[in-house]
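Notes for the one structure printed next.
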Amino acid sequence: MIKHIVFFKLEDNSDEHKKIIQNKILSLKNKIDIIKQIEVGINFTKSERAYDLALISDFESVEDLQSYAVNPLHVEVINYLKSKNTITKVVDYEY
């Protein structure tokens, strides 16, 4: 199994915008069947070094993660995040 974790730092970190992004990402679960598990948490810590959202998702294999990365529905979400000047950090590992 593959764990895919992404942290998001938003230029517009209003509660409304965080919820929009959370919903966009979570909606992928019902549209991309290779996603085995997905959660998106909205951070409540106001520390300067904190990120605004965390995505944690699971895939069966590295190949499934690679397919997800180029899936048009996922790319649509990525393009939206890029258009909003979102900074991301990622960790992928096998477990």
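The values are calculated or read from the model by the stated rules, or taken from the named source; none is laboratory data. Fair warning: this is a prediction, and the values are worked out from it, not measured in the lab. FYI the Cβ positions are ideal-geometry reconstructions off the backbone, even for glycines, and counts take in every protein chain you see.
Overview of values
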item: Some residue of segment 20-38 being modelled with pLDDT of 95 or more, under 15 Å from K89 (Cα atoms), surrounded by fewer than 15 Cβ atoms within 10 Å (Cβ to Cβ) and within 13 Å of the chain's Cα centre (by Cα); result: no
item: Residue pairs meeting the criteria (Cβ under 7 Å; at least 6 apart or on separate chains; first over 23 Å from D58 (Cβ atoms) and at pLDDT 95 or above, in segment 80-95; second surrounded by 10 or more Cβ atoms within 10 Å (Cβ to Cβ) and among the hydrophobic types (A, V, I, L, M, F, W, C)); result: K84/L10
item: Count of residues meeting criterion [more than 21 Å from Q22 (Cβ to Cβ) and without any contact (Cβ under 8 Å) to a residue 24 or more places away in the chain] in segment 63-79; result: 3
item: Residue among L73, L55, L65 that alone is buried (at least 16 other Cβ atoms within 10 Å of the Cβ), over 11 Å from the mean Cα position of the chain (by Cα) and hydrophobic (A, V, I, L, M, F, W, C); result: L65
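Residue-wise test of (1) under 14 Å from L10 (Cβ atoms); (2) part of a loop (DSSP other than H, G, I, E, B).
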position: V40; (1), (2): yes, no
position: D58; (1), (2): no, no
position: A69; (1), (2): no, no
position: N85; (1), (2): yes, yes
position: Y93; (1), (2): no, no
